[in-house]
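Worksheet: the structure to be examined is printed underneath.
The values are calculated or read from the model by the stated rules, or taken from the named source; none is laboratory data. Quick caveat, the model's predicted, so the values are computed rather than measured. Here the Cβ positions follow ideal geometry from the backbone for every residue, glycine too, while neighbour counts run over all protein chains shown. For the accessible areas, the whole protein counts, side chains as well, though only heavy atoms, and no ligand, DNA or RNA atoms are used. Shrake-Rupley method; radii C 1.70, N 1.55, O 1.52, S 1.80 Å.
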Amino acid sequence: ITGPCDTQDFSSGVDQSQQGEFAIYLYDAVYDGVGLTTVALDHMEQLVGNARERLLNCTCLQDDGCFRCIANPNREQVASKSDALLLLDAILQQLQDGTPTVRIRDTDWSSRIEPTTAVPCPTCNNATGPTDRFCFNCGEKLTNTAI
């Protein structure tokens with residue numbers, strides 16, 4: 001959905017406010033970011049639906065799941081397929097009803113980063129930065145970066 005990326009290019013976290021409200025954070029884990037979460041927000045209903053289908057179609061039999069569906073190799077806590085399904089259904093319902101609160105928190109790094117010369121993407125000619133790994137416009141993997 002978001003172009004050529006690896007599952008490790010996304011990460012997420014959950015936080016609880018002092019009022020007891022929970023927030024789910026999705027963020028781009030690629031060094032310097034490549035705009036994956038911005039694109040993902042436009043396809044959130046499809047992404048949540050895909051996660052739900054993957055969970056339902058996994059052939060493992062235990063509720064704590066496996067690495068193909070719900071288990072996280074970086075966490076010692078056991079996951080629950082049934083709880084994850086309830087959560088995905090609730091998120092999907094809110095997305096379909098149009099009631100979720102989505103806030104995009106973007107930090108302005110322009111004052112902290114030295115200006116760079118734009119490099120055209122060889123496929124679509126969109127301006128890309130010299131350290132970008134993928135074109136934000138067409139998703140083409142860039143080979144002549146400064147990284």
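Structural remarks
- Restricting D106, D63 to residues that are at pLDDT below 75, open to solvent by 50 Å² or more (accessible area, probe 1.4 Å) and either under 29 Å from T38 (Cβ atoms) or not hydrophobic (A, V, I, L, M, F, W, C) (or both) narrows the list to D106.
- Segment 21-35 - residue that is among the small types (G, A, S) and not in a strand (DSSP E or B) and, of those, modelled with the lowest pLDDT: G33
- Test: residue in segment 20-29 that is surrounded by 14 or more Cβ atoms within 10 Å (Cβ to Cβ), without any contact (Cβ under 8 Å) to a residue 40 or more places away in the chain, touching a strand residue (DSSP E or B) at 6+ places or on another chain (Cβ under 8 Å) and charged (D, E, K, R): yes
- Residue in segment 79-90 that is at pLDDT below 80 and open to solvent by 90 Å² or more (accessible area, probe 1.4 Å) present: no
- Of all residues in segment 41-72, those satisfying the criterion of being of a type in the set (D, E, K, R) and either over 16 Å from L87 (Cα atoms) or in contact (Cβ under 8 Å) with a residue 12 or more places away in the chain (or both) are D42, E45, R52, R54, D63, D64, R68.
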